[in-house]
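Peer 1: Here's a structure for you.
Laboratory data are not the source of any read-out in this text; all were calculated from the coordinates shown. Computed from a prediction, not measured in an experiment: that's the story for all the values here. Counting neighbours? That spans all protein chains shown, and the Cβs are built from the backbone with ideal geometry, glycine included.
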Amino acid sequence: MAWKSWRASRRRRKEEALERPRYGWIWKPVLALAGLYLLVSVGLGIWWSQPPAPFDVEQATLDRRGEAAYLPGARGTVTVATLATSVAILLEKPGGYLRNDLAPPGVWLDNMPSWELGVLESSRGLAQALPQMAGGDNADLETAREALMGDDRDWFYPATEQRLAQSLEALDRQLSALNDEDGGFAPGEGLADWLASLVARLDDLALRLAASVGSHEALIELAVDAEALPPGTPWHRVDNIFFEARGTGWALSQLLEGVQRDQDDVLREADVLAEWQGLLAELAMTQRQLWSPLVLNGSGFGIFANHSLVMALHMTRARDLAAHLAERLAEPPLASPEPATPDDDPVEAPE
């Protein structure tokens, strides 16, 4: 009887377990998967937040021209190829374009999306100047400009990535058209206006960086009028503006070098090559290694650095150099003296 009672009791326990199952065991694999997902997301976030290294503009031009790489190219070839490479890096770097991401880990990141904004704004500035540099209406350059001017956070069709790809295709078509040496850009055309737009861009960044600096004494060294500053930067957005400035410095370093390769004779004739190199050197200073894991806003000679203040200093110096270059290149070239004609009366030597 005891044995039958034990079997009946065991059967009842099995029936109760089937009728009222206990799911406590399922939390272990769920937590394990969630922990693994979090770990992978953090690792990808760290990897995706590393900015790309600067590229060689001449090698980038060779790569983008393909089979025509070793044939002579018209003026503007390096400029267009450099712009196209900058746009391509936004799409092809680790993680791709992150600024419009809606899912982790991209949605958690802010430094790299801010860096992307700096590169995109710099690319837009040159894309707007390219039709003038080309000396007239150009369908491919207009297409590239319009595609770059779209909303940088669009994720629905047409997403920002699609417009960047359209811009890249248009720039590559223009690059193919520049294989004809007779169809190049006009010498020096549009340079002054493009540099003037850089002045406005760099000045805006310098002011926004300075707005996060609490010390008015520090702003005096930058020749910044405290009353002209925008509203103070919230503490959680200080690093966004800093990395936007780093992205701007990264992109402008490449774009200015590309323009220099195409307009070297114009810069030499205007005697501004030294100032141009100085602007490149100032922008290169914005790319120095950031050893701190956080963007700090210390003061004076304290134990904490003031990264925004240092970046604002470089932006201000770059702005001043760009303004000087714009003024010099806007000046008309000096008229060369006309050679004497045979009809002119000879000048008699004094006795």
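Peer 1: What are the residues in the stretch 242-275 that are under 14 Å from Leu290 (Cβ atoms) and either surrounded by fewer than 20 Cβ atoms within 10 Å (Cβ to Cβ) or of a type in the set (A, V, I, L, M, F, W, C) (or both), if any?
Peer 2: Phe242, Phe243, Ala245, Trp250
Peer 1: Hey, can you tell me all the residues within the stretch 110-141 that are in a helix (DSSP H, G or I) and of a type in the set (D, E, K, R)?
Peer 2: Result: Glu116, Glu121, Arg124, Asp140.
Peer 1: Any residue in the stretch 70-92 that is among the hydroxyl-bearing types (Ser, Thr, Tyr) sitting within a Cβ distance under 7 Å of a residue that is part of a loop (DSSP other than H, G, I, E, B)? List the pairs, counting only those 6 or more apart or interchain.
Peer 2: If the second residue must be part of a loop (DSSP other than H, G, I, E, B), the pairs left are Thr77/Leu178; Thr85/Phe55.
Peer 1: Hey, any hits in the stretch 62-76 for a residue that's in contact with a Lys or Arg (Cβ under 9 Å, 6 or more places away or on another chain), crowded, with 23+ Cβ neighbours inside 10 Å and within 27 Å of Asp193 (Cβ to Cβ)?
Peer 2: No, because not a single residue in the stretch 62-76 is in contact with a Lys or Arg (Cβ under 9 Å, 6 or more places away or on another chain), crowded, with 23+ Cβ neighbours inside 10 Å and within 27 Å of Asp193 (Cβ to Cβ).
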